[in-house]
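Below is one structure; the comments refer to it alone.
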Amino acid sequence: MVAKQKIVGLNGDEASAYATKQVDPDVVAAYPITPQTIIVERFSEYVADGLVGSEFVAVESEHSALSACVGASAAGARAFTATAANGLALMWEILYIAAGLRQPIVMAVANRCLGGPINIHNDHSDAMGARDSGWIQLFCENSQEVYDASVEAWRIAEHADIQMPVMVNFDGFTISHTMENVYILEDADVKKFVGKRIYMKTEGPKGEVEFKLDPDTPISIGPLDLQDFYFEHKVQQMEAMKGSLKAIKAVDKEFEKITGRKLEYVYPYKMDDAEVAVVGLGSAMGTVREVVDELRAEGVKAGMVKMRLFRPFPVEDLKNAIGNVPVLGVMEKAYSIGGPGAPLYEEVKTVLYDLPKRPFVADYINGLGGKDTSPEMIRDVFKSLQRIKERGAVLEPVSYVGVRE
Amino acid sequence: MSEITLKEMSRKPDALICGGRLCAGCDETIVVRQVMKATRGPTIVTSATGCLEVSTSIFPYTSWEVPWMHCAFENVAALASGIEATIKAMHKKKEGPLAKYPTVDVISFAGDGGTYDIGLQALSGAIERGHDFTYVLIDNEAYMNTGIQRSGGTPFGASTTTSPAGKVILGKTETKKPIDEIIIAHGTPYVATINTAWPLDVMKKARKAIEVDGPTFLHSLAPCSRGWRFPPEKTVEIGRLATQTCVFPLFECRQEKGKPVYELSAPSLAIAKRPENKKPIEAYLEQQGRYRHFFRPARKEALLKELQESIDTRWQILCEKAGV
Amino acid sequence: MSERKRGWKTLPKGAVPYKSSKDYQTGDWGVAKPIIDRTRCSKCTLCHFFCPEGAITVRVDGYTEVNYDYCKGCGVCANECPVKCIKMEMKK
Ligand SMILES: Cc1ncc(C[n+]2csc(CCOP(=O)(O)OP(=O)(O)O)c2C)c(N)n1
Ligand code: SF4
Ligand code: SF4
Ligand code: SF4
Ligand SMILES: [Mg+2]
């Protein structure tokens, strides 16, 4: 049965903070960085007003924020942090350690471009830098999705078949600072949904134990792991990440039961008969949807696919969503300097390569450093896709949208 | 909780057990064994990357009989902060796996590299935030695990692989950071220097550090036969000489009404009372290969004099602080 | 040592060491081993506190005893024994 919900006006940061308040994690360790600051400020207020039982650790850096979360999580706590851009980059070393040591930490990332030169606005270069680290990565389109992901992330992270950290990504400013109406659950329903933390089963010198630092059942975490076993442990992680595709579906179903909101890994829109389509992540997909509607009204068979899940990469869902579209544009706010294309493009193409009939694919890098991607520019992308269709060839595999020459 | 006497403590099982792979005669495990003897109950240990960590946790083996964690090189204090915050949160909420223990003590071990240099920020932050944990600096005065490179804790004149004694430059040209003063200046409730040559003193200070609320800091000088170049059986002897020459005096520092109160520990107090018992630094230096260039091919009188004077000055300042 | 090494499917999750280092004997590292002359030992227990390996235990009768399975032959105990009743003996 769908639980009682009410509508409140929240920006993305507030939605993240509010959901986290309802979850009441044991430890929150975070360091301020625009555009994530509202999360730490709100959460500090919740602590100051006694609305949560969490210990707030006002660390001296993001490196320490994630390190404290790793310690907390290993000690059995639910641990939360939030960051963006340079903060995420400073955490880079610990991202791999948190994932490698299988700590189900939840982190909000208000996506912001990486300096230099320094810039506080949105793109996905921060999140893409973390894509290989072993974190589950969800991308949100609006505050509602931020709220939902911020509640659900705990169940995903702690799922017996997963036990991996989860990163909830949402665009800096466009989501983090934009007030929207959000359906929120009651505290008790959130508590019930997330339940108590589940510990992974592992094995120490004295036999099977729960994976946590507990004086009654001592284990060692974070050993020196040399040539003989390291690869095996990495395969464990890779396989667990693969397996999480099934497990996340199950959590999504349960979440749907209480909220009525159906969560998918990818959201195809008007793809059934689409001849030109765009795939992408995040808030820009809202604008793309509007453009698709306009184009449809004009008789263009346009479509789009929004991805909510980026890690694990939902290969089958994406293939199904893309279907038989002959021309596909990847719109992404990221880059890989010197690479054959930006990350999403490379991955989408990899997925499509083995299809008997694969579409033409072109990469449209846009919005770096928060540059506006207007509906007009998106229309241009679709025009470019139509030209590819007419010509039957991709002349410019990677192009930049809205950049002055 | 057992009383700290050699007899009682000799019966207490080790938290760090046999089968580790540090060099024969390594002081690091002597420090850990002595400090861990003084625990009062459930304890969680964190280690920074370094000789101790890599040699006691080579997968699939572990030498730790208590919950132990290593995360990275520079963040052991942040890791401990998270663990300590968890203990607090679970006690407050009265739920979670650690809620059932009346106390859980957190002890962090880190080398000089992990403390003076790359880990200083995390340590400073953890102390400023007042986390209740005990930080044990195992100071062998260089990055031993990576092959004896100089650190901010390497003393003046010592030869390391990145401050080698050459034809022109004679070892490290900079002095050792005053780490104890840096930590005391944070208002740290309890700071003490420890030397494994005096096990009872080590264990008593460790117990105090564990019992004191808030962050506490134990600084051990840990002679390293490989890095300092002396025969392994001399480890404790050379450590003892460091204190007998006042290169590494033993003291405690508590905070009373916002003021640091210094107290010399017995081996150093004895020297303060009878200065004629203070040994010349040569007795300490000449046993170590890292100071060989002070004596060979020719004795560097000026250098020895300069070093002796700086040791004397620091010793005098400490005595003044301790009111002796 | 004929035990088959475990693969990723059966290794404990989270890279948790599943063996005690007691299973890793370091007793063959050294070239010499300490011999305690109990007729002169004062039962001060200091060698127990100085041994880097924790290879010296105190027996119920108060005398100390070396576990040669782990002793690395460093010689610290012999060097530190206040009554000099520990002798390092070359292994054969
Ligand atoms: C971020 C980072 N930089 C460098 C290293 C390489 N490293 C590992 S241990 C170590 C030196 C450790 O020195 P110290 O803290 O003095 O401990 P010791 O080994 O001497 O006990 C270094 C440089 C690392 N592991 N991580
Ligand atoms: S190099 Fe030095 S500190 Fe490291 S294990 Fe060997 S003796 Fe110990
Ligand atoms: S020789 Fe070294 S390792 Fe062996 S018992 Fe003596 S102190 Fe311990
Ligand atoms: S140090 Fe010497 S006297 Fe003391 S217990 Fe050991 S063997 Fe006996
Ligand atoms: Mg060192």
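Please go through segment C:68-92 and pick out each residue that is more than 7 Å from chain B (Cβ to nearest Cβ), within 13 Å of ligand 3 (Cβ to nearest atom) and in a loop (DSSP other than H, G, I, E, B).
C:Tyr68, C:Asp69, C:Cys71, C:Cys81, C:Cys85, C:Lys91
Would you list the strands (runs of 3 or more DSSP E) that sit entirely within segment A:124-220 and hold 1 or more residues that are modelled with pLDDT of 95 or more and within 14 Å of another protein chain (Cβ to nearest Cβ)?
A:201-204, A:207-210
Using the structure shown, decide if B:Thr62 is more than 16 Å from ligand 5 (Cβ to nearest atom) and under 30 Å from C:Lys5 (Cβ atoms).
Considered against the rule, which asks whether it is more than 16 Å from ligand 5 (Cβ to nearest atom) and under 30 Å from C:Lys5 (Cβ atoms), B:Thr62 comes out as yes.
Among the listed residues A:Val2, A:Val106, A:Val28, A:Val70, identify the single one that is crowded, with 24+ Cβ neighbours inside 10 Å, within 29 Å of A:Ala160 (Cα to Cα) and out of contact with any strand residue (DSSP E or B) (no Cβ under 7 Å at 6 or more places or on another chain).
Of A:Val2, A:Val106, A:Val28, A:Val70, the one residue that is crowded, with 24+ Cβ neighbours inside 10 Å, within 29 Å of A:Ala160 (Cα to Cα) and out of contact with any strand residue (DSSP E or B) (no Cβ under 7 Å at 6 or more places or on another chain) is A:Val70.
Having 3 or more residues that are among the small types (Gly, Ala, Ser) is the bar; report the helices (runs of 4 or more DSSP H) wholly within segment B:1-108 that clear it.
Where helices (runs of 4 or more DSSP H) fall fully within segment B:1-108 and carry at least 3 residues being among the small types (Gly, Ala, Ser), they are B:76-93.
May I ask you to say which residue of C:Cys51, C:Cys74, C:Cys85, C:Cys44 is over 30 Å from A:Glu208 (Cα atoms), touching a residue at least 24 places away in the same chain (Cβ under 8 Å) and more than 14 Å from ligand 4 (Cβ to nearest atom)? Full working, then the answer.
Details: C:Cys51 fails: more than 14 Å from ligand 4 (Cβ to nearest atom); C:Cys85 fails: more than 14 Å from ligand 4 (Cβ to nearest atom); C:Cys44 fails: more than 14 Å from ligand 4 (Cβ to nearest atom).
None of the other options fit; the residue is C:Cys74.
I need a count of the residues in segment A:326-345 that are more than 18 Å from A:Gly367 (Cβ to Cβ) and either not assigned by TED's automatic domain parsing to the domain that holds A:Gly392 or not in a loop (DSSP other than H, G, I, E, B) (or both).
Within segment A:326-345, residues that are more than 18 Å from A:Gly367 (Cβ to Cβ) and either not assigned by TED's automatic domain parsing to the domain that holds A:Gly392 or not in a loop (DSSP other than H, G, I, E, B) (or both) number 2.
Out of B:Glu95, B:Glu65, I need the residue that is more than 16 Å from ligand 2 (Cβ to nearest atom) and over 26 Å from B:Cys18 (Cβ atoms). Which one?
B:Glu95
Is it the case that C:Lys43 is in a loop (DSSP other than H, G, I, E, B), of a type in the set (Lys, Arg) and open to solvent by less than 20 Å² (accessible area, probe 1.4 Å)?
When the stated conditions are applied, C:Lys43 does not pass them.
Of the residues that make up segment A:232-241, is at least one at pLDDT 95 or above and more than 12 Å from every other protein chain (Cβ to nearest Cβ)? I'd like the intermediate steps shown before the answer.
Going residue by residue through segment A:232-241, those that are at pLDDT 95 or above are A:232-241.
Filter once more, so that each one left must be more than 12 Å from every other protein chain (Cβ to nearest Cβ): A:241.
The answer is yes, given that some residue of segment A:232-241 is at pLDDT 95 or above and more than 12 Å from every other protein chain (Cβ to nearest Cβ).
For the subset of segment C:47-61 comprising residues that are more than 7 Å from every other protein chain (Cβ to nearest Cβ) and not in a strand (DSSP E or B), which member is nearest to ligand 1 (Cβ to nearest atom)?
C:Cys51
Looking at the structure I just gave you, is B:Phe109 open to solvent by less than 10 Å² (accessible area, probe 1.4 Å), more than 7 Å from chain A (Cβ to nearest Cβ) and aromatic (Phe, Trp, Tyr)?
So B:Phe109 passes the test.
Does at least one position in segment B:81-95 carry a residue that is within 16 Å of ligand 5 (Cβ to nearest atom) and crowded, with 24+ Cβ neighbours inside 10 Å? Steps first, please.
Initial filter on segment B:81-95 (within 16 Å of ligand 5 (Cβ to nearest atom)): none.
So far as segment B:81-95 goes, no, none of its residues is within 16 Å of ligand 5 (Cβ to nearest atom) and crowded, with 24+ Cβ neighbours inside 10 Å.
Within segment B:78-94, is there a residue that is closer than 19 Å to A:Asp216 by Cα and within 16 Å of ligand 3 (Cβ to nearest atom)?
No, segment B:78-94 contains no residue that is closer than 19 Å to A:Asp216 by Cα and within 16 Å of ligand 3 (Cβ to nearest atom).
Here's a check for you: in segment B:114-125, which residue that is open to solvent by 30 Å² or more (accessible area, probe 1.4 Å) and among the hydrophobic types (A, V, I, L, M, F, W, C) is farthest from ligand 2 (Cβ to nearest atom)?
B:Leu120
Within segment B:217-262, how many residues turn out to be touching a Lys or Arg at 6+ places or on another chain (Cβ under 8 Å) and among the hydroxyl-bearing types (Ser, Thr, Tyr)?
Adding up the residues that qualify gives 3.
Considering each residue of segment C:28-40, count those that are within 14 Å of ligand 4 (Cβ to nearest atom) and assigned to a loop (DSSP other than H, G, I, E, B), and give that number.
Within segment C:28-40, residues that are within 14 Å of ligand 4 (Cβ to nearest atom) and assigned to a loop (DSSP other than H, G, I, E, B) number 4.
From the list B:Glu128, B:Glu141, B:Glu174, B:Glu181, which residue is surrounded by 24 or more Cβ atoms within 10 Å (Cβ to Cβ) and among the acidic types (Asp, Glu)?
On the way: B:Glu128 fails: surrounded by 24 or more Cβ atoms within 10 Å (Cβ to Cβ); B:Glu174 fails: surrounded by 24 or more Cβ atoms within 10 Å (Cβ to Cβ); B:Glu181 fails: surrounded by 24 or more Cβ atoms within 10 Å (Cβ to Cβ).
Unique residue meeting the criteria: B:Glu141.
So which residues in segment B:145-159 are away from every other protein chain (no Cβ under 14 Å), in contact (Cβ under 8 Å) with a residue 60 or more places away in the chain and either open to solvent by less than 10 Å² (accessible area, probe 1.4 Å) or near ligand 1 (Cβ under 9 Å from one of its atoms) (or both), if there are any at all?
Once the filter is applied, which keeps residues that are away from every other protein chain (no Cβ under 14 Å), in contact (Cβ under 8 Å) with a residue 60 or more places away in the chain and either open to solvent by less than 10 Å² (accessible area, probe 1.4 Å) or near ligand 1 (Cβ under 9 Å from one of its atoms) (or both), segment B:145-159 yields B:Ile148, B:Gly157, B:Ala158.
Taking A:Glu376 as meeting all but one of (1) part of a helix (DSSP H, G or I); (2) within 23 Å of A:Tyr265 (Cβ to Cβ), write down the number of the exception.
Failed condition: (2).
Of all residues in segment B:204-241, count the ones that are open to solvent by 40 Å² or more (accessible area, probe 1.4 Å), within 12 Å of ligand 2 (Cβ to nearest atom) and assigned to a loop (DSSP other than H, G, I, E, B).
Residues in segment B:204-241 being open to solvent by 40 Å² or more (accessible area, probe 1.4 Å), within 12 Å of ligand 2 (Cβ to nearest atom) and assigned to a loop (DSSP other than H, G, I, E, B): 2 in total.
Please specify each residue of segment B:54-82 satisfying the condition of being facing chain A (nearest Cβ under 7 Å) and in contact (Cβ under 8 Å) with a residue 40 or more places away in the chain.
B:Val54, B:Trp64, B:Glu65, B:Val66, B:Asn75, B:Ala78, B:Ala80, B:Ser81
When you go through A:Ala342, A:Ala393 one by one, which is the residue that is of a type in the set (A, V, I, L, M, F, W, C) and over 30 Å from A:Asn119 (Cα atoms)? I'd like the intermediate steps shown before the answer.
On the way: A:Ala342 fails: over 30 Å from A:Asn119 (Cα atoms).
Being of a type in the set (A, V, I, L, M, F, W, C) and over 30 Å from A:Asn119 (Cα atoms) holds for just one of A:Ala342, A:Ala393, which is A:Ala393.
The values are calculated or read from the model by the stated rules, or taken from the named source; none is laboratory data. Not measured: the values here are computed from a predicted model. Quick reminder, even Gly has a Cβ in these numbers, built from the backbone with ideal geometry, and neighbours come from all protein chains shown. For the accessible areas, the whole protein counts, side chains as well, though only heavy atoms, and no ligand, DNA or RNA atoms are used. Shrake-Rupley method; radii C 1.70, N 1.55, O 1.52, S 1.80 Å.
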